[in-house]
1. Just to verify a result, which residue in segment B:33-72, among those that are among the acidic types (Asp, Glu) and either closer than 16 Å to A:Gln225 by Cβ or within 14 Å of chain A (Cβ to nearest Cβ) (or both), is most open to solvent (accessible area, probe 1.4 Å)?
2. Conditions first: (1) open to solvent by 40 Å² or more (accessible area, probe 1.4 Å); (2) out of contact with any helix residue (DSSP H, G or I) (no Cβ under 8 Å at 6 or more places or on another chain). B:His148 passes all but one, so which condition is the exception?
3. Going by the conditions given, is A:Asp93 in contact (Cβ under 8 Å) with a residue 12 or more places away in the chain, in a helix (DSSP H, G or I), surrounded by fewer than 20 Cβ atoms within 10 Å (Cβ to Cβ) and over 28 Å from the mean Cα position of the chain (by Cα)?
4. May I ask you to list the residues in segment A:381-392 that are at pLDDT 95 or above and open to solvent by 60 Å² or more (accessible area, probe 1.4 Å)?
5. How many residues does segment A:35-71 hold that are more than 19 Å from A:Asp93 (Cα to Cα) and out of contact with any helix residue (DSSP H, G or I) (no Cβ under 7 Å at 6 or more places or on another chain)?
6. Let me confirm something: among A:Gly299, A:Gly267, which residue is touching a residue at least 60 places away in the same chain (Cβ under 8 Å), under 22 Å from the mean Cα position of the chain (by Cα) and facing chain B (nearest Cβ under 7 Å)?
7. Out of segment B:139-156, which residues are farther than 18 Å from B:Glu218 by Cα and in a loop (DSSP other than H, G, I, E, B)?
8. Could you please find all residues in segment A:412-429 being modelled with pLDDT of 85 or more and within 13 Å of another protein chain (Cβ to nearest Cβ)?
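The values are calculated or read from the model by the stated rules, or taken from the named source; none is laboratory data. What you see is a predicted model, and the numbers here were worked out from it, not measured in a lab. For neighbour counting, all protein chains shown are included, and Cβ atoms are generated from backbone atoms with ideal geometry for every residue, glycine included. Ligands, DNA and RNA are stripped out before the accessible areas are found, and what is left, the full protein with its side chains, is counted by its heavy atoms. Shrake-Rupley method; radii C 1.70, N 1.55, O 1.52, S 1.80 Å.
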Protein chains: 2
Amino acid sequence: MVTTIEPEDVDPADRIEELLSGDNVEGAAELLADMHPADQADLYDRLDDAERETMLALLSTEARAQLLEHLDEETLEEIAQRLPRVELPRVLDLTKNDIAADALRMLPPAEAALALAQMKTASEVTPLLIHPDESAGGLMTRGFVALHKDMTVGEAMTLLRARKPLAEEAYYLYVLDARNRLEGVVNLRQLIVAERDVRIEDVMTRDVVSVRPDTDQEEAAHLLQHYRLRALPVVDESGVLSGIITADDIIDVIQEEATEDMYRMAGVGVKEWAFSPLRESVIRRVPWLSFNMAWAFAGAAVISLFEGTIQKVAALAIFMPMIAGQAGNAGIQTATIMVRSMALGEVKVSDIARVLAKELTLGAIKGAIFGSVLGLIAWVWKGNEVLGLVAGVALFCNMLVAATAGVLIPMTLRRLGFDPATIAGVFDTMLTDLMGFLIYLGLATLLVDQLT
Amino acid sequence: MVTTIEPEDVDPADRIEELLSGDNVEGAAELLADMHPADQADLYDRLDDAERETMLALLSTEARAQLLEHLDEETLEEIAQRLPRVELPRVLDLTKNDIAADALRMLPPAEAALALAQMKTASEVTPLLIHPDESAGGLMTRGFVALHKDMTVGEAMTLLRARKPLAEEAYYLYVLDARNRLEGVVNLRQLIVAERDVRIEDVMTRDVVSVRPDTDQEEAAHLLQHYRLRALPVVDESGVLSGIITADDIIDVIQEEATEDMYRMAGVGVKEWAFSPLRESVIRRVPWLSFNMAWAFAGAAVISLFEGTIQKVAALAIFMPMIAGQAGNAGIQTATIMVRSMALGEVKVSDIARVLAKELTLGAIKGAIFGSVLGLIAWVWKGNEVLGLVAGVALFCNMLVAATAGVLIPMTLRRLGFDPATIAGVFDTMLTDLMGFLIYLGLATLLVDQLT
């Protein structure tokens, strides 16, 4: 049976959820067994505590191991803690070993050590534990197939038949020397297409793109995408193959990094999603809004300096938000393009002069257009050409502030080793608010006699 | 030789660029031949017109075909138009046929028809041309390997050896019936691990996840990621296999969609990047800023209604931007989470009640916190408790406006068939500006006697 999945399809998980909550455990078990582990993972996320317990009990050890491969971090942690301690090592033995390492990292160290001691794959999983989670080493799995260059294609195929590697780990076969140093790579297609008695040395590709265990996961994602690979070998300083990163993990990294950038720009907690518990959302969003509020008081203090001027010319208040806001939005445009171009590797910190020159020119053009429009409208509307001049010039200058900030803030953050997206949008609006009020009300104060 | 690429590595393309601009064509040709087509594509992007001409001339037909597979849309269009008309059909025959279809779509119809008529792969490429670029049909390639269920594993391997499929297209082999309807799938690993005399029917997986040609590319990306597949078959209404989408194309879609969402939220042109020509950047950014400016005048008009009140109580102007801005930022937090959660398929339009209830509660909490802080500070600073009350209540109410808008705007855009990211952030700040001024200055006008 071929299932064509379309957006409108009814979710089969709904029926299992009903059966589970209605205590029809046999019915649920039957449907569960037919379900893809990725869909089981989605279902699990939606269940309450008691239902989760029941669902896990209905899955075989193999099914539990497969389920682990499709979970997000929080749920992986939850299941790792929920599984009976005697069962955990057996489940982890059957899952991809990068996932097993992730699960172990999430347990209290004593429990992780105990579980590891009982695992058959301990020797493969242990080396993965030393690498930070967001590095190539933390992403890799040890489950690669190693060949020797003197083998024939037929021998390699016999080896594969005996090893029965996991699907994700079998596409590339790595050719290692006697000291486990990476010499080349052969893919399954090359193996099948070649004659059986040809030596591996004569089919293998020697020019292999690889990363080090400490390479950042984002850099690894770039390379895999750039060269359109299905897996990326991780090689240590002496050239020894430490593990491989598979394309499915890279797809997750790409999604994760894009979400992070969007959330960081908006000042939202990186781990939040639409159904995060209320308490968590409060904890994640309020600190940044507090920071924003503190800066807004700085803006208020600037306006307060000019309270006397506003008292004399109340019409000034009308254009105040526009001068800050229009430049703020222009700055966010610039910052967004900077952040994304840096994330995609299209712009480096060394491009700063070229980018700044472009954005300043663009800022001047935008400033000239919108400054003139605002100036004219303010003049006609309020019947005062000096008010028009003050508003127009202030917007023009603030557009230049926005362009400078939009380029310099993300680039400075990157140079200082932070993620360039870190509240880049926020810093930008803060600056354009402060500078906008200062320039506009300052000019108005200088020319206050012509404004009344 | 194993190349470990690290972020700091010097770009070998720099040397070719030097050689090309210094007219050392032989040297450049030699280095180019050793370069991965993905790196050739990056180099090509950096060259000027004359250098591009030289570089293309130095590549063989095969190398040109491979280069096409690594280009972004604009460069693909540029090369398709640059290649000599007699050469184009031969280059397109050698590239993946989804890329060939993309290139043909970018030519004037008459030229595309002429090129197609001279292509050997015309029968494979033509069906791809009828599908829109951003659908599964526009993304798929016809280059799949088809098997019959009565074949043995050995026969299938012999077929593969004869067909020599492209690397990206060979991992899954599709089992079709006599009318080309998809019956199952076998991957290379299953084939190698199985005995040679076993029938394909006994190794194949019957439960195949597939999409229709008109499925949106984002939905296809979801499925491939969700089930951790390397390719996704595209099947028409009668069950006939039309083509396959490979994981490398999906990675591009994921990056593209994430960029689009970020840019749409900030109101930046979707195709822009840091080094887009100035003219293009102006054309892409100014329209949205104009739209923003028009709305800002609506905000100005609201403030203008209350000019008399501001004349009496100039201190009101101090807190005006903060009440609009703090709520605007809170709204962008909500909108960002909505947009991303919808993009990742975590939230559907039908979840509206649940999400709205959560965000309204959250808005009330944020409003209570920041409203009290603002109220107290305004009271102490300006020595007027009614001013504190007015500012605090206005911020509280505007936080509820922000929460409602942050949920409803992206969801309404999605329901109307637009991308939910489309300037969702902008609409949100517009509403919080307008409503913030209205509530704050309206309240102040009602209580103006106690404010002076």
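1. Here the residue is B:Asp34.
2. (2)
3. Yes.
4. Hit for segment A:381-392 is A:Leu389, nothing else.
5. Result for segment A:35-71: 6.
6. Only one candidate passes the filter, namely A:Gly267.
7. B:Arg142, B:Gly143, B:Phe144, B:His148, B:Lys149, B:Asp150, B:Met151
8. Across segment A:412-429, the qualifying residue is only A:Arg414.
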